[in-house]
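Undergrad: Submitted below is the structure of interest, expressed as structure tokens.
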Amino acid sequence: MTTSSQTDFTFHKDHLMAEDEIVFLPIDAVTKQTDDEYLFRFDVKAKYDPGQFFQCSLLGIGESAISICSDSEEYFELSIRSVGNVTSKLCVLKKGDHMGLRGPYGHGYEMDTFKGKNMIVIGGGSGVAPVRGVIQNIYKNRGHFGSVDLLFGFRQKSFMLFEENFSDWQSEDMTIRIAMNEKADYPNATKGFVTDILDHILPNKNTAIIICGPPIMITFVAKVLLKKGFQKEDIFISEERHMKCAVGRCGHCMIHGKYSCTDGPVFRYDEIY
Ligand SMILES: Cc1cc2nc3c(=O)[nH]c(=O)nc-3n(C[C@H](O)[C@H](O)[C@H](O)COP(=O)(O)OP(=O)(O)OC[C@H]3O[C@@H](n4cnc5c(N)ncnc54)[C@H](O)[C@@H]3O)c2cc1C
Ligand code: FES
């Protein structure tokens, strides 16, 4: 176990800390996003791909997999939703408190492979957090991508994530469409699910589609897109299987013969379906 100050520690994507090593890092900022979600920022130099994740922990409580939702080599951010035993305890941590972290783990979005393509990024609920890193990457390298469509599904305005980034993204010619299934109380939001705002999306050979959200949402969105004529090879999904070891040892996260923790959590659709 290592205790680290923010100035003397660097995560490297290719040279992770020893596989099982936990570091306890001080939290540099906490922002309340919704009633249940909090954004934690660590001012630690870090190399990672959007879509990779950390195992976040508190001693004596447990660990939870949390996706990195930023895109920077100077810091990283985690958006945590309080849903149960571990996440409810993580979400009460304050600036200056220490969080246990293992990682970054997993296979994320290889952004270089998307360069030159039109991008469709679809996120549902807290699934918007993992794709926020993808969008930030596109934002910073906007000239390398074609058209960019962002489609988000939330229950209603009070559940929205990262609205504070919308104007920046729109200023870089990214289109944002929003579906709200409980109450469409945000300007121009469509009442319904993400599948209700896919009408304008037409198949194009040079398009990559990124989907993250509840499994049922991924299933229905992929079904609609495949029916429209998109190919499985164009679709990338993040599979949030329940994880334990996160390093390919326990088999808890197996999906169709693959380890969600090491082969994923980001998969090309045809790799598993
Ligand atoms: C790769 C990956 C990335 C993730 N990224 C994020 C993220 O960025 N932000 C975030 O808030 N959450 C994320 N999650 C989900 C998060 O790991 C779980 O919500 C968390 O582990 C729940 O732990 P808990 O002890 O608080 O809840 P528990 O007390 O264990 O359970 C609460 C409820 O959540 C369910 N649950 C528990 N663990 C998981 C799990 N791993 N996946 C799905 N359902 C689960 C239980 O069945 C139960 O219904 C991610 C999960 C994975 C696998
Ligand atoms: S979580 Fe143990 S093998 Fe993936």
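The numbers here are math on the coordinates, done by the rules we state, and not lab data. Fair warning: this is a prediction, and the values are worked out from it, not measured in the lab. Cβ sites come from the backbone with ideal geometry, for glycine too, and all protein chains shown count toward neighbours.
Undergrad: Could you tell me the distance between the Cα centroids of the stretch 127-174 and the stretch 201-273, to the nearest Å?
TA: So the two Cα centres are separated by 19 Å.
Undergrad: Would you calculate, for the chain, the mean residue ellipticity at 222 nm contributed by helices, counting each DSSP H stretch of 4 or more residues as -39,500 (n - 2.57) and dividing by all residues, to the nearest 500?
TA: Taken over the chain, the calculation gives -4500 deg cm²/dmol.
Undergrad: In Å, the Kirkwood hydrodynamic radius of the chain over pairs of distinct alpha carbons?
TA: Across the chain, the inverse of the average 1/r is 19.0 Å.
Undergrad: Oh, and also: Please tell me the relative contact order of the chain in percent, rounded to the nearest whole number, where contacts are Cα pairs under 8 Å and at least six residues apart.
TA: This gives 16 percent for the chain.
Undergrad: Here's something else I'd like to know. Restricting to bridges with both residues inside the chain, how much of the DSSP beta-bridge set is antiparallel, in percent to the nearest 5?
TA: Of those bridges, close to 50 percent are antiparallel.
Undergrad: With all pairs of different alpha carbon atoms counted, what Kirkwood hydrodynamic radius in Å does the stretch 111-272 show?
TA: For the stretch 111-272, the Kirkwood estimate is 16.3 Å.
Undergrad: Another question about this same structure. Rounding to the nearest 10 and keeping the result within 0 to 90°, find how far the Cα-based axis of helix 215-228 lies from the longest principal axis of the chain.
TA: 30
Undergrad: Mean-square fluctuation check for the chain, GNM, Cα pairs under 10 Å: which of GLY257, GLY213, GLY106 is largest?
TA: Answer for the Gaussian network model of the chain: GLY257.
Undergrad: Here's another thing I want to ask about it. Report, in degrees rounded to the nearest 10, the 0 to 90 angle that the Cα long axis of helix 128-140 makes with the longest principal axis of the chain.
TA: 80
Undergrad: Sticking with this one: How would you order 171-177, 237-243 from highest to lowest mean count of nearby Cβ atoms within 10 Å?
TA: 237-243, 171-177
Undergrad: Give me the percent relative contact order of the stretch 67-148, please, defined on Cα pairs under 8 angstrom at least 6 residues apart.
TA: 34
Undergrad: While we're here: Give the relative contact order (percent, whole number) for the stretch 99-182; include only Cα pairs under 8 Å separated by 6+ residues.
TA: For the stretch 99-182, the relative contact order is 31 percent.
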